[in-house]
Every structure is written in C-alpha cells, then in structure tokens.
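Working notes, beginning with the structure itself.
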Amino acid sequence: FAGDRLEPHDHPYHQLTWSPNSPLRMHVAGSQWTLAAEVAIWIPGATPHGGEATRDGELCNLYFRETSRVARWAEPTLVAVTPLVEALIARLLDVELAPEFRARAEQVLFDSIDPLTHAASPLRLPTDPRAREVAEAILTDPADNRTLDDWGRAVHSSRSTLARHFTADTNLSFAAWRTQARV
C-alpha cells in the first residue's frame, strides 16, 4: 500500500493501528507521528485522523466500541508491539473469531500493552495555511533544503511570518521542526 493515503476522518469507535512491515505516517488530532514496525497507535473514538504508508506493507486496524471496557486512553497514545501483542493483533484480525473469544483476546491485549512514555513526541503541524503548506511539503520530501526565505517566496509569505507561525503553532523553530520531521 505504498503511497496510499487515508484522508482525515473520524468515527465513534476507538482504533489501534499498526503496520508490521512499513513505516506509517499518522496524522492524529493535529499532530503527526511516524511509526516504526515496533509501535502502534491508539486513536480514541471521535478523534480526527488520517495517514499514509511510506512503502509497501500490511496495515492492521483494530476497532473497539466506544463503550468498550478495555479502552484506557483518552488521548492518542503510542504503544509497543511485542511478540505477544503482535500475536493478539493477528488473532483479533480474524473476522470469524467467536464473540466470547474476541472479548477475552481484547482483554489480554489491553492487559499486555502499556503506553510508550519514552517515545518521541508527536510532530505538531502548523495551523496557519502557509506554514502548513511548507510543513506538508517537507514531510513529502524531507531532503528539501530550501531556506525559510525560499519557502516564504513559494507560499507568498515573509520569512518572519513563517518563523513566527512555526514557533507559535508547533513550539519549535522552523529549523528544529524540520530536523524533527527528518528524524
């Protein structure tokens, strides 16, 4: 599914998203995470999200009722995908799994995962349309070395306006934001 893009949307049920073999770039509630194969993301119900795969791979989405007693996090949360968690995800992807087995597997899954407190912070995206256009272009091509002056000309803005929006909207300078995006 390389290059496949899921446009921003939301739904009432919670979602656990993971790819075992392709980095995922997830846009969740105005932030962006790039997920390696060892990391999944919990997306609470009614949270706007979208994303794309950076290369061919498999996408695993598990959905949980908004009233599910296993739902633990009110905010988007990164979780480690251990061999046990991977096996439980595979089990829960079985559409023919009987409801009583599904309920038990869900409980074991949520007993087995914990938030990654040491994981990288989400990369916030600027809200200003011009700064956001620059950010999205950099995310598409992280090797683009244009200066803030060059970007200003490209999006019809001044260098100082773009710099101000990056700092105000993301809590990072443009240079620091671009470095994080490249990482």
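The values are calculated or read from the model by the stated rules, or taken from the named source; none is laboratory data. This one's a predicted model, so the numbers in the text were calculated from it and none came from an experiment. All Cβ positions, glycine included, derive from the backbone under ideal geometry; neighbour counts span all protein chains shown. Accessible surface is based on the protein model in full, side chains and every heavy atom, while ligands, DNA and RNA are left aside. Shrake-Rupley method; radii C 1.70, N 1.55, O 1.52, S 1.80 Å.
General remarks:
Residues checked against (1) outside any strand (DSSP E or B); (2) under 29 Å from Thr127 (Cα atoms); (3) of a type in the set (Ser, Thr, Tyr):
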| position | (1), (2), (3) |
| --- | --- |
| Pro8 | no, yes, no |
| Trp42 | no, yes, no |
| Glu66 | yes, yes, no |
| Val85 | yes, no, no |
| Leu97 | yes, no, no |
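- Residue check for Arg91: closer than 29 Å to Asp128 by Cα, open to solvent by 80 Å² or more (accessible area, probe 1.4 Å) and either in contact with a helix residue (DSSP H, G or I) (Cβ under 8 Å, 6 or more places away or on another chain) or among the charged types (D, E, K, R) (or both): no
- The number of residues in the stretch 158-181 being charged (D, E, K, R), open to solvent by less than 60 Å² (accessible area, probe 1.4 Å) and closer than 15 Å to Asp128 by Cα comes to 1.
- Only listed residue being closer than 30 Å to Asp128 by Cβ, open to solvent by 20 Å² or more (accessible area, probe 1.4 Å) and charged (D, E, K, R), chosen from Glu38, Glu96, Glu86, Glu75: Glu75
- Hits in the stretch 122-141 - residues which are hydroxyl-bearing (Ser, Thr, Tyr) and in contact with a helix residue (DSSP H, G or I) (Cβ under 6 Å, 6 or more places away or on another chain): Thr127
- Count of the stretch 10-35 residues which are more than 16 Å from Leu123 (Cβ to Cβ) and open to solvent by less than 30 Å² (accessible area, probe 1.4 Å): 8
- Summed over the stretch 18-58, the residues that are small (Gly, Ala, Ser), under 12 Å from the mean Cα position of the chain (by Cα) and more than 21 Å from Pro142 (Cα to Cα) give a count of 3.
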